[in-house]
Amino acid sequence: MIGLVNYSKEPHSVELRELPIPEIGEEDVLFKVHAASICGSDLHQYAGKQSWKVNYPVVLGHEFAGSIACLGSRVHGFKEGDRVVSETAAILPLDSAFIRQGLYNLEPKRLGFGYGVNGAMAPFVKVPARCLHHVPASLPLEKAALTEPCCVAYNAVCVNSHMRPGDAVAVIGPGPIGLLCVAMARLAGAGHLIVIGTAADAKRLEVARQIGADTVLGAHGEDVGEWVKSFGDGYGVDLVIDSAGVSASLQMALYIVRPAGQITKVGWGPQPLGFSLDQLVQKAVTLQGSFSHNWPIWEKVLSLLASGKIDLNPILNRISPLVEWRDAFEEMHAGAIVKGVLLP
């Protein structure tokens, strides 16, 4: 088979390579990949700018949907031909205390598809059966491939944040995760939903409007701080979701959040902060991180996707064969599209 391999830390060390079809164990399935969505982390690895350890060479891709081609002898609850999606925790230590709590997404020794083990930008991938979820018949597999980033957003907004209907919510960074956080905040009852970006985010800010943002800021050089001062009672917003992952976005979040408000950081950024956290103390703000997802979140998100309550049409902008991977990567990196899906 032909797969998309990241073979070195050097920038642009990604190419199509001929690979053997994976061999599976007793508790695995051979997963036939119908659609693999491109994540920002795939772009980071393509650029050689990731902040996590990669086991080179590795097939990229951890957002995927398809069907079961073959089952291991100890797999139950699934059959060949079932339409499925897979979680990302490909390898977990059996003695993990976090597994016992259902928080295997936080296990430091976990290895995920696309960086720790071979991922899904190939026709087949080996998947442990414990990672699988059935895809409802009403959900196209191209959209089901976006279940994983939807779960990231659901965990950030609906699990780790404590928002109430009517809360004013700001999302900083209208990338794919940020936009999906917008969708989740709208579903959770945000009273006024603000999305903040930069001039380079103009197209994505328009997408934010399409999926429910009441106000978008940054495309035309607006002063975000001054706008927030004039909003409502002038104290700031109840919840800020920082999906940009840079120091400046967290600094902005501290400025625009109201006293006793919340900041949930879901964006990655390896650079040091370089600013004072005194406002965190003075405002008595709750600052929390949010990472990944677990089994019940996947079940809820699949239900929301199948019912149409999460509309991916404005976000899924390109569906391409695997051979067009480079164009899709570059379009996502440039912000010309929000999300691309590859068909191996």
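The values are calculated or read from the model by the stated rules, or taken from the named source; none is laboratory data. Quick caveat, the model's predicted, so the values are computed rather than measured. Positions of Cβ are backbone-derived with ideal geometry, glycine not excepted, and every protein chain shown enters the neighbour counts. When the accessible area is computed, the model is the full protein with side chains, heavy atoms only, and any ligands, DNA or RNA have been set aside. Shrake-Rupley method; radii C 1.70, N 1.55, O 1.52, S 1.80 Å.
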Alpha-carbon Rg with Dmax, taken over the stretch 240-319, Å:
16.3, 48
At most 16 other Cβ within 10 Å, DSSP loop - trypsin sites (Lys or Arg not before Pro), the stretch 1-42:
LYS9
Whole-percent carbon and sulfur contribution to the accessible surface of the stretch 135-217 (1.4 Å, no ligands, DNA or RNA) stands at 54 percent
On the accessible surface of the stretch 288-344, probed at 1.4 Å with all protein chains in place, carbon and sulfur together account for a percent value of 52 percent
Where does the longest stretch of the chain lie that holds no GluC sites (Glu not before Pro) found in a DSSP loop with 16 or fewer other Cβ atoms within 10 Å?
81-221
So what does log10 I(q)/I(0) come out to for the stretch 153-212 at q = 0.15, 0.20 Å⁻¹, using the Debye formula with one equal point on every Cα and no solvent?
-0.37, -0.65
State log₁₀ I(q)/I(0) for the stretch 89-176 at q = 0.11, 0.21, 0.23, 0.24 Å⁻¹ as given by the Debye formula over alpha-carbon point scatterers of equal weight, solvent excluded.
-0.45, -1.26, -1.32, -1.34
For the chain, calculated [θ]222 nm from helices alone, where every DSSP H run of n ≥ 4 adds -39500 (n - 2.57):
-7000 deg cm²/dmol
Evaluate the charge dipole of the chain about its Cα centre and quote only its size in Debye, nearest 20, assuming +1 on the Cβ of each Lys and Arg and -1 on the Cβ of each Asp and Glu.
420 debye
Going down the list LYS9/LYS265; LYS143/LYS229; LYS229/LYS265; LYS265/LYS309; LYS53/LYS283, which pairs span over 28 Å between their C-alpha atoms?
LYS143/LYS229; LYS53/LYS283
What does a probe at HIS134 reach in the stretch 57-93, counting residues whose amide N is under 17 Å from the point 7 Å along Cα→Cβ?
66-69, 75-87
Magnitude of the charge dipole, the stretch 212-298, Cβ model with Lys/Arg +1 and Asp/Glu -1, debye to 20
260 debye
List the extent of the Cα atoms of the stretch 29-110 along each of their three principal axes, largest first, rounded to whole Å.
40, 33, 19
Could you give P(r) for the stretch 109-159, binned at 5 Å from zero, as whole percent values over all Cα-Cα pairs?
4, 14, 19, 28, 23, 9, 2, 0
³J(HN,Hα) across the stretch 195-200 via Karplus (A = 6.51, B = -1.76, C = 1.60, θ = phi - 60°), whole Hz, x for Gly/Pro?
10, 10, x, 10, 4, 5
When the charge dipole of the stretch 206-301 is computed with +1 on Lys and Arg Cβ and -1 on Asp and Glu Cβ about the Cα centre, the Cα farthest towards its positive end, among GLY274, HIS293, ALA244, belongs to HIS293
If I take R0 = 51 Å and measure r between the Cβ atoms of GLU18 and VAL281 in this structure, what FRET efficiency does the formula 1/(1 + (r/R0)^6) give, to the nearest 0.05?
0.35
Do any trypsin sites (Lys or Arg not before Pro) in the stretch 262-344 lie in a loop, going by DSSP, with at most 14 other beta-carbon atoms within 10 Å of their beta carbon, and if so which?
LYS309
Modelled label reach - SER320, point 7 Å along Cα→Cβ, the stretch 37-62 residues with backbone N closer than 12 Å:
38
Mean projection of the alpha-carbon convex hull of the chain over all orientations, in nm²?
16.8 nm²
Can you compute 3J(HN,Hα) from phi for each residue in the stretch 255-260, using the Karplus curve 6.51 cos²θ - 1.76 cosθ + 1.60 with θ = phi - 60°, rounded to whole Hz and x for Gly and Pro?
6, 9, 6, 7, x, 6
Taking 25 Å as R0, compute the FRET efficiency from the Cβ-Cβ separation of GLU206 and ALA260 and round it to 0.05.
0.15
Considering only DSSP beta bridges with both partners in the chain, what is the antiparallel share in %, to the nearest 5?
55 percent
Share of the stretch 1-63's accessible area from carbon and sulfur, percent, 1.4 Å?
54 percent
Taking only protein heavy atoms into account and a 1.4 Å probe, give the accessible area per residue of the chain in Å².
43 Å²
Using Cα atoms only, what is the angle between the long axis of helix 295-307 and the major principal axis of the chain, expressed in degrees (0 to 90) to the nearest 10?
80 degrees
